[in-house]
Amino acid sequence: MKYDLKYFILRTNALIIYREAIKFTYKIKDINVRSETQIYIRTEFDLNRGEENRKRIEYILGSSRKKLNDFKETYLMAN
């Protein structure tokens, strides 16, 4: 993959989503559920680490953002 501005923007977006997801898990009171959720998030990001197709990366980031927002809504409604 060519390392240009678009690459660094996508990388930054991935890191922002990852950090936001991990940070949100600290609101989960049950330590086991929190740990499992963090492991799940890390695994999902690791699975896509080697992706080089930009359209695919943009799709993954979009779906990750949607999953995070859905998780936040569900968690906040439950508590």
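The values are calculated or read from the model by the stated rules, or taken from the named source; none is laboratory data. Every value quoted in this text rests on a predicted model; they were computed, and no experiment measured them. FYI the Cβ positions are ideal-geometry reconstructions off the backbone, even for glycines, and counts take in every protein chain you see.
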For the stretch 63-79, enumerate the residues that are at pLDDT below 90 and either over 14 Å from E20 (Cβ atoms) or under 12 Å from the mean Cα position of the chain (by Cα) (or both). L76, M77, A78, N79
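Can you tell me which residues in the stretch 63-79 are small (G, A, S) and surrounded by 14 or more Cβ atoms within 10 Å (Cβ to Cβ)?
Kept after step one, since they are small (G, A, S), are these residues of the stretch 63-79: 63-64, 78.
Of everything in the stretch 63-79, just one residue is small (G, A, S) and surrounded by 14 or more Cβ atoms within 10 Å (Cβ to Cβ), namely S64.
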Name, by its number, the condition in (1) at pLDDT below 95; (2) more than 19 Å from D70 (Cα to Cα) that does not hold for T12. (1)
Collect the residues in the stretch 23-75 that are touching a residue at least 40 places away in the same chain (Cβ under 8 Å) and out of contact with any Asp or Glu (no Cβ under 8 Å at 6 or more places or on another chain), keeping them in residue-number order. F24, K27, I28, E52, R54, E58, L61, R65, F71, K72, Y75
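At least 2 residues that are in contact with a Ser or Thr (Cβ under 9 Å, 6 or more places away or on another chain) and not hydroxyl-bearing (S, T, Y) in each: list the helices (runs of 4 or more DSSP H) lying fully within the chain that qualify. Step through it out loud before you land on a result.
Numbers: elements: 5-25, 31-47, 54-78.
Because the criterion is at least 2 residues that are in contact with a Ser or Thr (Cβ under 9 Å, 6 or more places away or on another chain) and not hydroxyl-bearing (S, T, Y), the helices (runs of 4 or more DSSP H) in the chain that meet it are 5-25, 31-47.
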Scanning the stretch 45-62 residue by residue, those modelled with pLDDT of 95 or more, of a type in the set (D, E) and either closer than 20 Å to K2 by Cα or surrounded by 11 or more Cβ atoms within 10 Å (Cβ to Cβ) (or both) turn out to be E58
